[in-house]
Every structure is written in structure tokens, then in C-alpha cells.
Amino acid sequence: MNPENHQEPEMTKVAADEDKSAKAPIFIIGGGRSGTTLMRYMLNAHPNIYLLEEACFYSWTKGLKKNKSKYKKRIDNFLNSFSFAWLRIPRAEVALPEDQYNSEEAMKQVFINTMKVKAASLGKTRYGEKNPMNLMFLDKLFEDFPDAKVIHMVRDPRAQVYSHKTMPFSTPSLLMACYAVKSSFRQIHEHDERILPIRLEDLIKTPEDMMRKVLSFVDEPWSDQVLHHDQFSIPGDGIPFPWLNEAGGTRKTKKLKWKEQLSPAWIRLIEKWQKKTMVRYGYAPLELPQEPGALAFTGAILKDIPVLFKSIFQVFVVVTKLGFTDKNDTKRMQQLIHSFNPWAWDTQPEWNAELPTPPELV
């Protein structure tokens, strides 16, 4: 047989793999503190895969009218953001000529270029992004990438609600946190058939089983490296925020602080308001020594109402400041976005409240 004929199938396979990679980026989504960063570290340990750390493309480019005069401004918001700065790649390598910013398709190409350039710089062929914020843009994400492989990290809703109180970009109000968690799951359920759910608790308990399931879903071969992400991490990669750094080490069971910090009344309220999610993902109600009564429920809600209004006022203040801040001031923008819940730092005394300065944009 002609040797050239032997090579044709392999060449076709390579081309097909490249085409598959271009059409099917991998996205990790999930509520805050649900294990999205851990999943990113594990997948990035794979020889073929690199996923961006919260590039937030849709967050920076949404909200402006879809007309030709605005496309460049929307892209500039992204390319001049602290989110892009932390990627540490030259803007010129992902941007298009200015006269080409005339369509949504052109904007999408900048996002593709960003994922592709960063992955290629690390010798990876499969690309994508980990970003909890993409929960808000699933319709747009699937419009842009119909074949996207989306992994949804799931965590006990009670733990997620409590974790909002401990995160500077979230809220100290349990009422607002309950709404945020319920809303995020509702958006997920609209795309259920296209998304792979992975429970954080299962990932920690049976990591190989879960990662085999994930790699099969994203059409990549098995690699033991995904079980040793702490040994195959990329130096200087990602954003060195304290809550992200925690996931870079060895997998460990999360301390169930919500059991200690939430009152029995709040535990039952969260279980009631998140009932569909808990049933869907197999989370059982917590056994309590004594069931709270009506007065306990009323007291829990009334106690949170001033916190809710304090949080709403803080959101108003931060959003107002954001409106008057130069979008190119990466350090100030980063600081503001992480000050929706400034009281969170008190719950995390081991964290450094002074966030690292974003790298210079090049």
C-alpha cells in the first residue's frame, strides 16, 4: 500500500481533533465556593487542556447596545480590564484590526483568540474558561459555542448560602444569598441536557471516578495527572486571590462551617427555599437535636433584614463608584468589585485583605 495512504487517516484525525477543539471549548461554571477552581486546577493538569481563570469576557462586554459604533468600546473594556491583565498575554495577540469590530461574531473571535493564545503559550491544544459568572450568560455562551462542554460544579446549597457571607464580592445577607443561590440553579436547569453536573463532595471523595466522567464528557483521554494537580500546576498561573489559592493544594474535605455558623432556623429556611435543588442533587435535610419553632423562624428573618438593607446600600455605593471610575484603572476596578461585602474579611482572618496589584497590560 502507498505510504501516503497510510498517513491520510492520521492527518484527517489530527484535523478533526483541531476542529473539535475549536468548536468545543470547555467551560466550568457554578456558584461561588462550589469547587470551580479545584476543577480548573485538575483539568489544567491534563497534558492537553488549559482553561482560563475568570477572564470574564461576557461580564466586560455585556450591557452596551448592539450597534457597530459600540463593538470596539465593548472589546476595549475587556482588553483593558484587570481580568484580562491577570492572563498575562499581549493584547495585540488576541485583538482584531479596528475596522473588523462590526459584529457579534467579531467579538466572539476575540474571546476565542484569548482562550486559544493562552493555551498555546503553554503547549496546550484544548482551551476554555472557568468562571462562575458565566452562570448569568448561559444563553449567550451556548449561542456562541453550541457544542461547548459545560461542567457545573455543585455544592450543598446550605454551604453555598453561608459561603456568600465569607466572600468580599458577595453579600453578608442570608436572605440575599438564598436568592442568589436559588437563581443560579434556576438558570442551570434551563440548560440541563447540555451540562454535566459534578458534586464537589463526590469529587473529593472519589476523585478518579469523577474525573474519568469529566474527561469522557469533554472527549479527552484519561491522564493520571489530573489526580495530582498540585504536582502539575503552572507556575505563576491564575489570579492570586486568597480564595483561589486555597484550591491549588491537595484536595481536602471542606470544613462544614455552615453547620456551626448557621442557626437551626436558618438551616431549615435554606432547606425549604432550596428544596428542589437539594432533592435534585441528593442532599438530605440535616438532623437537628430540636426543631425550631415559628418564633425562631421569624426572629431569624427579622434579624437579617437590617443586614439586607445594609448590603443593598453597599451595592448602590459600589455600583455608583464603578460608574465614575476609569475602566482602565485595573487596580481600582478590582478593588471595587471585591468590596460588595467588605465585612467578609472579618470572617477570614487568615486572608490578606490587600488584594494583589494586577500585572501591567501589554
Which one of V161, V181, V214 is more than 30 Å from S103 (Cα to Cα), touching a Cys at 6+ places or on another chain (Cβ under 7 Å) and among the hydrophobic types (A, V, I, L, M, F, W, C)?
V161
Filtering segment 120-141 down to residues that are under 10 Å from I49 (Cα atoms) and in contact (Cβ under 8 Å) with a residue 12 or more places away in the chain, which residue is surrounded by the fewest Cβ atoms within 10 Å (Cβ to Cβ)?
L122
Among (1) more than 27 Å from L122 (Cβ to Cβ); (2) modelled with pLDDT under 95; (3) surrounded by fewer than 17 Cβ atoms within 10 Å (Cβ to Cβ), I188 falls short only on (3)
So, in segment 109-137, of the ones that are β-branched (V, I, T) and out of contact with any Leu (no Cβ under 8 Å at 6 or more places or on another chain), which residue ends up nearest to I75 (Cα to Cα)?
I112
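Yes/no matrix, rows are residues, columns are (1) surrounded by 21 or more Cβ atoms within 10 Å (Cβ to Cβ); (2) among the basic types (K, R); (3) on the phi < 0 side of the Ramachandran plot; (4) assigned to a helix (DSSP H, G or I):
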position: I151; (1), (2), (3), (4): yes, no, yes, no
position: P168; (1), (2), (3), (4): yes, no, yes, no
position: L175; (1), (2), (3), (4): no, no, yes, yes
position: A180; (1), (2), (3), (4): no, no, yes, yes
position: L203; (1), (2), (3), (4): yes, no, yes, yes
position: S233; (1), (2), (3), (4): no, no, yes, no
Out of segment 177-193, which residues are under 17 Å from the mean Cα position of the chain (by Cα) and either aromatic (F, W, Y) or under 20 Å from R40 (Cα atoms) (or both)?
S184, F185, I188
Give me the residue from segment 37-63 that is closer than 15 Å to S83 by Cα and polar (S, T, N, Q) and, out of that set, modelled with the highest pLDDT.
S59
Taking segment 215-224 and the residues there that are surrounded by 15 or more Cβ atoms within 10 Å (Cβ to Cβ) and not β-branched (V, I, T), the one that is farthest from G128 (Cα to Cα) would be S223
Subset tally (residues that are modelled with pLDDT under 95 and either under 24 Å from I89 (Cβ atoms) or not acidic (D, E) (or both)) for segment 222-240:
12
Result of the Cβ filter at 7 Å on segment 350-362, keeping first residues that are of a type outside the set (S, T, N, Q) and partners that are assigned to a loop (DSSP other than H, G, I, E, B), at least 6 apart or interchain, is L355/F241; L355/H338; P356/P240; P358/W86; P359/W86; P359/R88; L361/N80; V362/P90
Specify which of the listed residues (W258, W273, W345, W266) is in contact with a Pro (Cβ under 7 Å, 6 or more places away or on another chain) and in contact (Cβ under 8 Å) with a residue 24 or more places away in the chain.
W345
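Yes/no per residue for (1) under 19 Å from G236 (Cβ atoms); (2) of a type outside the set (V, I, T); (3) not in a loop (DSSP other than H, G, I, E, B):
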site	(1), (2), (3)
K70	no, yes, yes
D76	no, yes, yes
R88	yes, yes, no
L96	no, yes, no
A106	no, yes, yes
V117	yes, no, yes
Looking at the structure I just gave you, is V110 aliphatic (A, V, I, L, M), crowded, with 19+ Cβ neighbours inside 10 Å, more than 17 Å from N328 (Cα to Cα) and over 20 Å from the mean Cα position of the chain (by Cα)?
no
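The values are calculated or read from the model by the stated rules, or taken from the named source; none is laboratory data. The shown structure was predicted, so the numbers you read here are calculated from the model rather than taken from an experiment. Every residue, glycine as well, gets a Cβ built from its backbone with ideal geometry; the counts of neighbours run over all protein chains shown.
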